[in-house]
Amino acid sequence: MDWDKRNIIEKGNYDVIVVGGGIAGISAAVSAARNNLSVLLIEKNVNLGGLATVGLISWYEPLCDGEGKQMIGGICEELIKLSAKYGFDNLPSKWGGSGEFPSSNERYSTYFSPTVFSLALDEYVLENGVKIRFDTLGVYPVMEGTHAIGVICESVEGKEFFGAKVIIDASGTAVVMERAGVPTVVGNNFMSYVAHGYQVENAENLKETGNTCKFRKWIGVGSDMFGTGAEKNMRELKGITADDVTKYILRGKKGLLKKIKEYEKNSYDIMTLPGMAQFRTIRRIVGKTDFNAIDGEIFEDSIGSCGDFRPNGKGKHYQLPFGALYNEKFDNLIAAGRIVSSPQGDGWEVARVIPVCALTGEAAGNAASLVVKNSVKVAEINIKELQKLQKNNGVLF
Ligand SMILES: Cc1cc2nc3c(=O)[nH]c(=O)nc-3n(C[C@H](O)[C@H](O)[C@H](O)COP(=O)(O)OP(=O)(O)OC[C@H]3O[C@@H](n4cnc5c(N)ncnc54)[C@H](O)[C@@H]3O)c2cc1C
């Protein structure tokens, strides 16, 4: 080992370490653990769910193609059901829900409570045999050439080393893979700062209609994903320096306070502020294959299919290539979630939403199990075996 072990506490070894407990990391960890691997899920926050919960996104984009066909199953479907299991929100009856005040009547999607879903995610992850480590920042992968032997982390205990046979980067920023030397690309973002609020008018509406689903409400500043509402002449923003992240957050908060000041006193309160910066695209890897979201494109190494959540995406069918999850020069690093190899534009737009993050997460966990069990590199796993594992858990192709 050529790394400096002074002042580093060795914390034991796992088959798989997953860095990041967002939707992708949760899916990856559960999928790996179901293959009887020892799995450690490292999360810098103290709540699971990442942008979906801590970041208050709270809308699960559709699992269907918008024309009645279900496109994604597996862990992604387990998670959408879990997201609406408790609290106010219901899936449409067409997609197996109670049908009572559904968030959407048409597509297989739902609002969910970010706080209650996060609590339920702890239970889900633990029941599946994953070990969780909160309040722990994955700092550096320790590399022997192109092979990672573990991750250095920082926690309240100090600097720690966790050994692993495979590392899954589900950080949303590709922090592990970038620091291992995997080529990456940085994304552009419009300003977004969205919180959750209560408004007297919503309470009145709830009393009148009984529709609890409409009670929780986003309040935000900035623009939507298309840049609508963006301030004039504002440059697109990136989330890869601490200064930029701080500026982005402060700008968002200032805008939100300005908006609150415009409301009549006693008519409004903020329930929760986002616990992480709402950058849509921070950094993604350059993988073996790019996912470009081309309708009908087929991949031999497909890990499953998805649709397109966007208003103009109805009826579109995509396959996700396993090649988007790794760079072939690195033996045992796998990407999951919004950092997979998908160029800015349609590819990244489609790959970064919650259902697709769950899909790539599940594939990353299954692929890790094949790396461990067959003692091969990520690039050498048997794709048919990976596809079988995916299908066995209900992933659709
Ligand atoms: C404004 C906005 C609106 C959106 N709207 C929707 C929507 O309506 N519906 C939808 O489906 N999707 C939406 N998305 C996209 C979606 O929410 C996210 O892309 C998706 O949830 C990302 O999941 P992930 O697991 O890949 O990453 P993340 O959610 O970013 O999770 C990464 C996790 O890793 C942790 N982490 C990061 N670095 C480290 C480290 N070094 N050590 C330990 N832990 C670390 C983070 O704390 C986080 O928990 C939206 C995104 C934004 C920004």
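Since every read-out is calculated from the coordinates, none of them should be taken as a lab result. Everything quoted here is computed from the prediction, not taken from an experiment. Cβ sites come from the backbone with ideal geometry, for glycine too, and all protein chains shown count toward neighbours.
With the chain treated as a Gaussian network of Cα nodes joined by springs under 10 Å, which of Gly25, Gly158, Gly187 yields the largest mean-square fluctuation? Result: Gly158 has the largest fluctuation of those listed. For Glu61, Glu264, the sequence from fewest to most other C-beta atoms within 10 Å is Glu264, Glu61.
Among Glu297, Glu204, sorting on how many other beta-carbon atoms sit within 10 Å of each Cβ, with the fewest leading, yields Glu204, Glu297. Compare Lys207, Lys217, Lys165 in a GNM of the chain, Cα atoms joined below 10 Å, and give the one with the largest fluctuation. Its mean-square fluctuation being the largest, the pick is Lys207. Within the listed set Val186, Val350, Val19, the residue fluctuating most in the Gaussian network model of the chain (springs between alpha-carbon atoms under 10 angstrom) is Val186. Distant-in-sequence amide contacts of Tyr60, defined by a placed amide H-H separation under 5 Å and a gap of 5 or more residues or a different chain, comprise Thr110, Tyr111, Phe112.
Listing Trp59, Trp348, Trp218 from fewest to most neighbouring C-beta atoms within 10 Å gives Trp218, Trp59, Trp348.
What is the percent of Cα-Cα separations in the chain that go past 33 Å? For the chain, the fraction of Cα-Cα distances above 33 Å is 29 percent.
Please compute the net charge surrounding Ser369, taking Lys and Arg as +1 and Asp and Glu as -1 over other residues with Cβ under 13 Å from its Cβ. Counting the neighbours of Ser369, the net charge comes to +1. Helix-only estimate, please: 222 nm mean residue ellipticity of the chain, summing -39500 (n - 2.57) across DSSP H runs of length 4 or more and dividing by its residues, to the nearest 500. That calculation yields -8500 deg cm²/dmol at 222 nm. Based on C-alpha pairs under 8 angstrom that are at least 6 apart in sequence, the range 225-377 has a relative contact order of 20 percent.
Lysine pairs, Cα distance under 19 Å, 8 or more residues apart or cross-chain: how many in the range 246-363?
Details: Lys247/Lys258; Lys247/Lys259; Lys253/Lys261; Lys253/Lys265; Lys254/Lys265; Lys288/Lys329.
Lysine pairs satisfying the spacing and distance rule in the range 246-363 number 6.
I need the shape label for the range 116-198. Rule: rounded when a/c is under 1.5, else prolate if a/b > b/c, else oblate, with a, b, c from the alpha carbon gyration tensor. Intermediate results must be reported in sequence, preceding the final value.
Numbers: a/c = 2.07, a/b = 1.23, b/c = 1.69.
Taking the square roots of the gyration eigenvalues as a ≥ b ≥ c, the range 116-198 is oblate.
The C-alpha atoms of the chain define a longest principal axis, and helix 242-262 lies at about 10 degrees to it.
Of all beta bridges that DSSP places with both ends in the chain, some 60 percent have antiparallel geometry.
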